[in-house]
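Trainee: Below is one structure. I have some questions about it.
Computed from the coordinates by the stated procedures, all read-outs in this text should not be read as laboratory data. Quick caveat: nothing in here was measured; it's all calculated off a predicted structure. As a convention, Cβ positions derive from the backbone with ideal geometry for all residues, glycine included, and neighbour counts pool all protein chains shown.
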Amino acid sequence: MVGFHAQQSIEKPLKAVLSAHMIEFRRTHDLITLMDLLQDHKLPATPQADWLDELNPYAVEARYGTIDPEGLDRTRALSAAEQVLDWAGHQTRSSKSP
């Protein structure tokens with residue numbers, strides 16, 4: 001359950017930044033897809049972008065028991081969530097959306 005909430009705490013700020021910059025995205029829980037959209041639109045990468053894919057299995061599969069992901073680094077997940085939330089705040093304040 002911790003992994004699910006960690007993944008969500010990254011996913012929602014990513015979607016907020018995309019929305020603030022008026023970038024359309026499909027319904028997804030895939031952090032890599034969302035980060036690729038940021039890159040495609042020349043927006044700065046998220047903190048810990050190279051590690052965030054570790055949280056993808058927690059989005060759906062682990063929550064509903066279809067896989068059993070091993071060993072979430074909770075300290076790193078919390079740090080990543082805090083950093084991404086901070087980053088998202090800066091990105092949304094600097095967007096030119098109405």
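Trainee: What area, in nm² and to one decimal, does the C-alpha convex hull of region 1-66 cast on average over all directions?
Mentor: Spelled out: convex hull of the Cα atoms, projected over all directions, averaged, 4.3 nm².
Trainee: If exposed means no more than 15 neighbouring beta carbons inside 10 Å and the site is in a DSSP loop, what's the longest run of the chain without any exposed chymotrypsin sites (Phe, Trp or Tyr not before Pro)?
Mentor: Here the longest run is 65-98.
Trainee: Here's a follow-up. With labels modelled as points extended 7 Å from the Cα through the Cβ direction, what inter-label distance (nm, one decimal) is found for Lys12 paired with His90?
Mentor: 2.2
Trainee: Looking at region 7-56, which trypsin sites (Lys or Arg not before Pro) are DSSP coil and have at most 10 other C-beta atoms within 10 Å of their C-beta?
Mentor: Counting only loop positions with at most 10 other Cβ atoms within 10 Å, the trypsin sites (Lys or Arg not before Pro) in region 7-56 are Arg26, Arg27, Lys42.
Trainee: Further question on the same structure: Among Val2, Val84, what is the fewest-to-most ranking by other Cβ atoms within 10 Å?
Mentor: So the residues, fewest neighbours to most, are Val2, Val84.
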